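Everything below concerns the one structure shown next.
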Amino acid sequence: DAGVIQSPRHEVTEMGQEVTLRCKPISGHNSLFWYRQTMMRGLELLIYFNNNVPIDDSGMPEDRFSAKMPNASFSTLKIQPSEPRDSAVYFCASSSTGTRAEAFFGQGTRLTVV
Amino acid sequence: GDSVTQMEGPVTLSEEAFLTINCTYTATGYPSLFWYVQYPGEGLQLLLKATKADDKGSNKGFEATYRKETTSFHLEKGSVQVSDSAVYFCALLDSGGYQKVTFGTGTKLQVIP
(Lines give C-alpha, C1' and ligand atoms only; values in the text may rest on other atoms or scores of the structure.)
Protein backbone atom coordinates (compact mmCIF):
# COMPACT_ATOMS: atom_id res chain seq x y z
CA ASP A 1 0.00 0.00 0.00
CA ALA A 2 1.25 3.50 -0.80
CA GLY A 3 0.20 4.82 2.57
CA VAL A 4 -2.02 7.81 3.21
CA ILE A 5 -1.93 10.08 0.20
CA GLN A 6 -2.62 13.78 0.45
CA SER A 7 -2.86 16.34 -2.29
CA PRO A 8 -1.70 18.88 -3.03
CA ARG A 9 1.57 18.91 -1.09
CA HIS A 10 1.70 22.69 -1.25
CA GLU A 11 -1.04 25.22 -1.85
CA VAL A 12 -0.71 28.97 -2.08
CA THR A 13 -3.92 30.90 -2.45
CA GLU A 14 -5.28 34.38 -2.02
CA MET A 15 -7.46 35.39 0.86
CA GLY A 16 -11.12 34.79 0.10
CA GLN A 17 -10.54 31.90 -2.25
CA GLU A 18 -11.87 28.40 -1.71
CA VAL A 19 -9.33 25.74 -0.86
CA THR A 20 -9.89 21.98 -1.06
CA LEU A 21 -7.50 19.50 0.47
CA ARG A 22 -7.73 15.84 -0.44
CA CYS A 23 -6.90 12.62 1.30
CA LYS A 24 -6.86 8.98 0.31
CA PRO A 25 -6.62 6.73 3.37
CA ILE A 26 -4.99 3.34 3.50
CA SER A 27 -7.26 0.69 2.04
CA GLY A 28 -9.14 -1.16 4.75
CA HIS A 29 -8.76 1.53 7.39
CA ASN A 30 -12.09 2.67 8.76
CA SER A 31 -11.09 5.75 10.76
CA LEU A 32 -9.85 8.97 9.19
CA PHE A 33 -8.55 12.08 10.91
CA TRP A 34 -7.82 15.64 9.80
CA TYR A 35 -5.25 17.59 11.81
CA ARG A 36 -3.87 21.09 11.55
CA GLN A 37 -0.36 21.95 12.72
CA THR A 38 0.97 25.42 13.42
CA MET A 39 3.86 26.75 15.44
CA MET A 40 1.53 28.55 17.80
CA ARG A 41 -1.06 25.86 18.47
CA GLY A 42 0.81 22.65 17.69
CA LEU A 43 -1.13 19.64 16.38
CA GLU A 44 -4.90 20.08 16.53
CA LEU A 45 -7.52 17.47 15.68
CA LEU A 46 -10.11 19.09 13.44
CA ILE A 47 -12.47 16.23 12.70
CA TYR A 48 -12.52 12.48 12.50
CA PHE A 49 -14.64 9.95 10.68
CA ASN A 50 -15.42 6.35 11.42
CA ASN A 51 -16.84 4.23 8.62
CA ASN A 52 -17.29 7.43 6.58
CA VAL A 53 -19.44 9.05 9.26
CA PRO A 54 -18.23 12.21 11.03
CA ILE A 55 -17.91 11.35 14.71
CA ASP A 56 -16.49 14.50 16.23
CA ASP A 57 -16.08 17.82 14.46
CA SER A 58 -15.66 19.91 17.60
CA GLY A 59 -12.15 20.84 16.51
CA MET A 60 -13.28 22.52 13.33
CA PRO A 61 -12.45 26.17 13.98
CA GLU A 62 -15.47 27.76 12.33
CA ASP A 63 -18.12 27.42 9.68
CA ARG A 64 -15.64 28.26 6.96
CA PHE A 65 -14.25 24.76 7.42
CA SER A 66 -16.08 21.68 6.20
CA ALA A 67 -15.07 18.07 5.67
CA LYS A 68 -16.62 15.21 3.80
CA MET A 69 -15.97 11.54 3.33
CA PRO A 70 -18.19 10.35 0.48
CA ASN A 71 -16.68 6.88 0.48
CA ALA A 72 -14.10 4.77 2.25
CA SER A 73 -11.26 5.81 -0.04
CA PHE A 74 -11.58 9.58 -0.19
CA SER A 75 -12.01 12.60 2.04
CA THR A 76 -11.86 16.36 1.53
CA LEU A 77 -11.31 19.31 3.80
CA LYS A 78 -12.62 22.56 2.39
CA ILE A 79 -12.02 26.10 3.55
CA GLN A 80 -14.30 28.75 2.10
CA PRO A 81 -13.44 31.58 2.22
CA SER A 82 -9.82 31.17 3.21
CA GLU A 83 -8.01 33.62 5.49
CA PRO A 84 -4.31 34.21 6.20
CA ARG A 85 -4.70 32.71 9.69
CA ASP A 86 -5.62 29.40 8.05
CA SER A 87 -2.03 29.06 6.89
CA ALA A 88 -0.74 25.81 8.38
CA VAL A 89 0.19 22.25 7.54
CA TYR A 90 -2.85 20.02 7.32
CA PHE A 91 -2.39 16.32 7.94
CA CYS A 92 -4.68 13.45 7.19
CA ALA A 93 -4.31 10.14 9.04
CA SER A 94 -6.11 6.82 8.94
CA SER A 95 -6.26 3.88 11.28
CA SER A 96 -7.61 0.38 11.39
CA THR A 97 -9.45 -1.39 14.18
CA GLY A 98 -8.40 -3.94 16.72
CA THR A 99 -5.61 -4.15 19.25
CA ARG A 100 -2.93 -3.69 16.60
CA ALA A 101 -4.47 -0.49 15.31
CA GLU A 102 -2.22 2.50 14.76
CA ALA A 103 -2.60 5.77 12.93
CA PHE A 104 -0.68 6.36 9.70
CA PHE A 105 -0.11 9.90 8.54
CA GLY A 106 0.10 11.46 5.15
CA GLN A 107 2.90 13.84 4.24
CA GLY A 108 0.66 16.82 4.80
CA THR A 109 -0.48 19.80 2.75
CA ARG A 110 1.29 23.07 3.46
CA LEU A 111 -1.29 25.81 2.96
CA THR A 112 -0.32 29.43 2.62
CA VAL A 113 -3.04 32.04 2.35
CA VAL A 114 -1.78 35.44 1.27
CA GLY B 1 -12.41 12.51 27.73
CA ASP B 2 -9.05 11.09 26.78
CA SER B 3 -5.97 13.26 27.19
CA VAL B 4 -2.19 13.03 26.87
CA THR B 5 0.27 15.21 28.74
CA GLN B 6 3.88 15.54 27.66
CA MET B 7 6.78 17.36 29.19
CA GLU B 8 7.37 20.82 27.83
CA GLY B 9 10.17 21.34 25.38
CA PRO B 10 12.46 22.11 23.86
CA VAL B 11 14.88 19.58 25.22
CA THR B 12 18.51 20.17 24.32
CA LEU B 13 21.04 17.40 24.84
CA SER B 14 24.60 16.70 23.86
CA GLU B 15 25.29 13.75 21.60
CA GLU B 16 25.44 10.43 23.49
CA ALA B 17 23.43 11.80 26.42
CA PHE B 18 20.53 9.86 27.96
CA LEU B 19 17.06 10.92 26.90
CA THR B 20 13.79 10.78 28.80
CA ILE B 21 10.61 12.43 27.58
CA ASN B 22 7.75 12.05 30.02
CA CYS B 23 4.24 11.19 28.95
CA THR B 24 1.17 10.53 31.06
CA TYR B 25 -2.34 9.83 29.91
CA THR B 26 -5.95 9.80 30.99
CA ALA B 27 -8.30 7.38 29.34
CA THR B 28 -11.22 5.11 29.96
CA GLY B 29 -10.77 1.49 29.13
CA TYR B 30 -7.48 0.10 27.87
CA PRO B 31 -5.94 2.29 25.21
CA SER B 32 -2.99 1.52 22.99
CA LEU B 33 -0.09 3.93 23.43
CA PHE B 34 2.27 5.33 20.81
CA TRP B 35 5.24 7.54 20.24
CA TYR B 36 5.39 9.35 16.91
CA VAL B 37 8.34 11.30 15.57
CA GLN B 38 8.25 14.24 13.19
CA TYR B 39 11.45 15.24 11.45
CA PRO B 40 11.69 18.78 10.04
CA GLY B 41 9.45 19.28 7.04
CA GLU B 42 7.93 15.81 7.24
CA GLY B 43 4.78 14.12 8.49
CA LEU B 44 4.46 12.08 11.65
CA GLN B 45 5.94 8.59 11.66
CA LEU B 46 5.22 5.87 14.16
CA LEU B 47 8.27 5.30 16.33
CA LEU B 48 7.00 2.62 18.68
CA LYS B 49 3.86 1.37 20.34
CA ALA B 50 2.49 -0.77 23.16
CA THR B 51 -0.96 -2.25 23.22
CA LYS B 52 -1.34 -3.48 26.79
CA ALA B 53 -0.05 -2.93 30.30
CA ASP B 54 3.63 -3.79 30.89
CA ASP B 55 4.32 -4.04 27.16
CA LYS B 56 7.57 -2.43 26.07
CA GLY B 57 7.74 -0.84 22.66
CA SER B 58 11.15 -0.35 21.10
CA ASN B 59 12.63 0.90 17.85
CA LYS B 60 15.88 2.55 16.72
CA GLY B 61 17.24 2.44 20.28
CA PHE B 62 14.16 4.13 21.75
CA GLU B 63 12.05 2.36 24.37
CA ALA B 64 8.85 3.03 26.26
CA THR B 65 6.96 0.84 28.74
CA TYR B 66 3.19 0.94 29.20
CA ARG B 67 2.69 1.55 32.92
CA LYS B 68 -0.97 1.23 33.82
CA GLU B 69 -0.43 1.87 37.51
CA THR B 70 1.14 5.27 36.86
CA THR B 71 -0.70 5.88 33.54
CA SER B 72 2.62 6.67 31.92
CA PHE B 73 4.52 5.87 28.74
CA HIS B 74 7.86 7.63 29.05
CA LEU B 75 10.21 7.61 26.06
CA GLU B 76 13.87 6.76 26.69
CA LYS B 77 17.05 6.36 24.71
CA GLY B 78 20.41 5.55 26.17
CA SER B 79 22.56 7.54 23.77
CA VAL B 80 21.07 10.15 21.46
CA GLN B 81 22.48 11.20 18.13
CA VAL B 82 22.25 14.44 16.20
CA SER B 83 19.95 12.64 13.76
CA ASP B 84 17.42 12.13 16.58
CA SER B 85 16.65 15.84 16.56
CA ALA B 86 12.92 16.03 15.90
CA VAL B 87 9.57 16.58 17.57
CA TYR B 88 8.22 13.62 19.52
CA PHE B 89 4.51 13.09 20.11
CA CYS B 90 2.96 10.75 22.64
CA ALA B 91 -0.47 9.46 21.65
CA LEU B 92 -3.18 7.07 22.66
CA LEU B 93 -5.80 5.22 20.68
CA ASP B 94 -8.95 4.46 22.57
CA SER B 95 -10.22 0.95 22.82
CA GLY B 96 -13.77 1.98 22.12
CA GLY B 97 -15.63 1.72 18.88
CA TYR B 98 -14.28 4.80 17.10
CA GLN B 99 -10.51 4.34 17.37
CA LYS B 100 -9.96 8.00 18.13
CA VAL B 101 -6.28 9.01 18.35
CA THR B 102 -5.41 11.64 20.94
CA PHE B 103 -2.01 13.35 20.77
CA GLY B 104 0.09 15.21 23.27
CA THR B 105 1.45 18.64 22.38
CA GLY B 106 4.80 17.32 21.23
CA THR B 107 8.29 17.74 22.64
CA LYS B 108 11.03 19.17 20.50
CA LEU B 109 14.40 17.50 20.94
CA GLN B 110 17.60 19.12 19.77
CA VAL B 111 20.81 17.14 19.96
CA ILE B 112 24.03 19.09 19.61
CA PRO B 113 27.38 17.57 18.62
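The values are calculated or read from the model by the stated rules, or taken from the named source; none is laboratory data. This is a predicted model, so every value here is computed, not measured. Cβ: placed from backbone, ideal geometry, glycine included. Neighbour counts: every protein chain shown.
Pairs linking a residue in the range B:1-13 that is among the aliphatic types (A, V, I, L, M) and assigned to a loop (DSSP other than H, G, I, E, B) to a residue that is modelled with pLDDT of 85 or more and buried (at least 17 other Cβ atoms within 10 Å of the Cβ), with Cβ atoms under 8 Å and 6 or more positions apart or on different chains, are B:MET7/B:ILE21; B:MET7/B:CYS23; B:MET7/B:THR107.
Only a single item in (1) within 14 Å of A:GLU18 (Cβ to Cβ); (2) of a type outside the set (Gly, Ala, Ser); (3) in contact with a His (Cβ under 7 Å, 6 or more places away or on another chain) is not met by A:ARG110, and it is number (1).
If I go through the range A:69-78 residue by residue, how many of them are under 13 Å from the mean Cα position of the chain (by Cα) and more than 14 Å from A:GLU18 (Cβ to Cβ)?
3
Of the residues examined, A:ILE26 is not one that is more than 10 Å from chain B (Cβ to nearest Cβ), in contact with a strand residue (DSSP E or B) (Cβ under 7 Å, 6 or more places away or on another chain), buried (at least 16 other Cβ atoms within 10 Å of the Cβ) and without any contact (Cβ under 8 Å) to a residue 40 or more places away in the chain. Of the residues A:ALA103, A:ALA93, the single one that is buried (at least 17 other Cβ atoms within 10 Å of the Cβ), closer than 20 Å to B:SER3 by Cα and modelled with pLDDT under 90 is A:ALA103. Selection of the range B:6-35 for residues being surrounded by 15 or more Cβ atoms within 10 Å (Cβ to Cβ) and of a type in the set (Val, Ile, Thr) yields B:VAL11, B:ILE21, B:THR24.
Of the residues making up the range A:56-72, those that are more than 14 Å from chain B (Cβ to nearest Cβ), assigned to a loop (DSSP other than H, G, I, E, B) and under 19 Å from A:GLY42 (Cα atoms) are A:MET60, A:PRO61, A:GLU62.
Scanning the range A:73-114 for residues that are within 14 Å of chain B (Cβ to nearest Cβ), aliphatic (A, V, I, L, M) and not in a strand (DSSP E or B) gives a single hit, A:ALA101.
Checked against the criterion of being in a strand (DSSP E or B), loosely packed, with under 15 Cβ neighbours inside 10 Å and touching a residue at least 40 places away in the same chain (Cβ under 8 Å), the range A:9-18 contains one or more residues that satisfy it. Take residues that are touching a residue at least 60 places away in the same chain (Cβ under 8 Å) and more than 9 Å from chain A (Cβ to nearest Cβ) and tell me which of the strands (runs of 3 or more DSSP E) falling wholly in the range B:20-113 contain 2 or more. The qualifying strands (runs of 3 or more DSSP E) are B:23-26, B:86-93, B:107-112.
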